[in-house]
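The values are calculated or read from the model by the stated rules, or taken from the named source; none is laboratory data. Note that the structure is a prediction, hence the values are computed from the model and not measured. Cβ placement follows ideal geometry from the backbone for every residue including glycine, while neighbour counts extend to all protein chains displayed.
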Amino acid sequence: MTKKIVNSIKYIAIFSIVLLGVISCEKDFQNVGVGLVDNDLFTTESETFEVVAYNENVTRSQISTSNPHLLGVIKDDNFGLLKASVISQVGLGAISFTDNMSIDAVILNIPYYSTQLEDGDNGRPVFELDSIFGKEDEEFMLSVYENGTYLNNLDPLDPTENKKYYSNASYTKKDLLYSGLFKPNANDTVLYVKRNFLDGDANTVDDTDTIKSATISPSIKIPLDTTFFRTRFIDQQNSGAFDSSDNFLNYFRGLIIEADGTDGALMTLAMSNASMTFYYSNIVLTDETTTTGDLNGDGDTDDEDVPVKTKQTAIFALSGIITEIYNRDYSQAISDIDTKLMSPDTSNGEESLYIQGAAGSEAVVELFKGLDNTELEEIRNKNWLINGATLSLYIKNQGDTIIPQQLYLYNYDYKSQILDAMSEASIRQFDGVLQRDDDNKPLKYEFTITDYISEVLKSDEPLELNKLAIKVAHSSDFPTSAIDTIIKDYSWNPKGVVLKGNNLVDTDEQRLKLEIFYTIINE
């Protein structure tokens, strides 16, 4: 009985303590709430500041072997002519050369990026090519040369560093291996190889091989000069060039795949899966397991160790270093981009901003351009609580179609990330993703730079005000960690967009400007 009374008193005491805590907390919440809803203490306002923005030509982009690669020709009214060519090393294939070898074909195979649609007639798969820009039905010239420039992994000036390759480099073209008109073909899924040397007579076709990949998909198939490979490969079998991978890379320095013309299509290609394949015939000695019929004409089928011409294949992968050349001709544009890139108005800014990837152009942005140090200091002394800060860039011609899905903003002076790229990385608020209007037409890109402006306008030890820049966004631009602050100069997206700059009439609501939303404390 006594035990029950003690337990009852204990539970009542615990309940009382909890109840008193709840009442106390509720009172505290009520007191805090009174202060929060007192609108007389705070005022939320906004202000617009002038921005100066102008164009800058990007003369080169760094090329990474692992990034997407461009090949082709495209002409654009806004950005002129762009020609992209590929330079690639070729790895040593598993092949043993002999005097009896006869080359039927050497095929350069470069897969497209493609999507398989529903099967068409006769059950054949139908493909749609991805990442192709421009006029797919217009031919341009495609040529393949032996590369005469050695592609080094290490920087000759500093062997402790990897060598960097850029899109404006030059390479020595040696023997021409192929040249012809070309246009993309989504139906190019099968290769037919004529075998001419099985009976030793090059003038007759002994067989035709139908070559399909394990997973059928379209690819560029370029026949290369077989005489060149007879002379430079088979006839050099005892030179030591094929004894090791290093010897081979120094001897045969790869291929230059060059695009030329006045218009056409620009393709993003899967170079990591590209190859150069030898289709050849060679003498093989038969054994009992391979003998089928009377091979030597002696009247019996016991033809072990009989030399027989046999079809064989050897694959040389395009591997190692793969780089590119971007050639631009802005004089081919209808717009005034040539003038705007060569002579930008850095004082007043521009009416139009040209932004394009692949060694194209960027826009430099100067905030608070119209304010001197005294005026900027006066704003800092107001101790604004920055709620939001945005840069909105409206598209000049909503009819443009080949425009980037995303732009990127960074610190131009230091080629580094701005604060919001780090603080907002998880929610991607500041990224400048393309926004569309109610009719689904491209409208604008918007950057939220609240954290950056907050630090710049701090009254106590403010962040240094730097120039900013806007470029076409690439996956390599986004920070992956707190120490990943340097902007890499890779740029493989050829899309471009023309934006409205700041140097428009004041009544144009779509001109570039900085909008700041802030809260002030009423005294």
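Observations on the model:
- Within the stretch 383-415, being surrounded by 14 or more Cβ atoms within 10 Å (Cβ to Cβ) and among the charged types (D, E, K, R) holds for 396, 400.
- Residue in the stretch 262-272 that is modelled with pLDDT under 90, among the polar types (S, T, N, Q), buried (at least 16 other Cβ atoms within 10 Å of the Cβ) and under 49 Å from the mean Cα position of the chain (by Cα) present: no
- All positions within the stretch 82-125 that are surrounded by 13 or more Cβ atoms within 10 Å (Cβ to Cβ) and either free of Cβ contacts under 8 Å to residues at least 24 places away in the same chain or of a type in the set (Asp, Glu) (or both): 104
- Positions within the stretch 336-365 being under 7 Å from residue 55 (Cα atoms), crowded, with 22+ Cβ neighbours inside 10 Å, of a type in the set (A, V, I, L, M) and touching a helix residue (DSSP H, G or I) at 6+ places or on another chain (Cβ under 9 Å), in sequence order: 353
- Boolean, residue 269 is of a type in the set (A, V, I, L, M, F, W, C) and under 30 Å from residue 135 (Cβ atoms): yes
- Subset tally (residues that are among the aliphatic types (A, V, I, L, M), within 23 Å of residue 176 (Cβ to Cβ), at pLDDT 85 or above and out of contact with any Phe, Trp or Tyr (no Cβ under 8 Å at 6 or more places or on another chain)) for the stretch 189-222: 1
- Residue list for the stretch 428-455, restricted to those being without any contact (Cβ under 8 Å) to a residue 60 or more places away in the chain and closer than 26 Å to residue 380 by Cα: 429, 430, 446, 447, 451, 455
- Just one of (1) buried (at least 22 other Cβ atoms within 10 Å of the Cβ); (2) free of Cβ contacts under 8 Å to residues at least 12 places away in the same chain fails for residue 247. It is (1).
- Any hit, the stretch 375-382, residues being over 22 Å from residue 469 (Cα atoms) and surrounded by 16 or more Cβ atoms within 10 Å (Cβ to Cβ): yes
- Within the stretch 153-207, tally of residues that are assigned to a strand (DSSP E or B), farther than 28 Å from residue 219 by Cβ and over 25 Å from the mean Cα position of the chain (by Cα): 3
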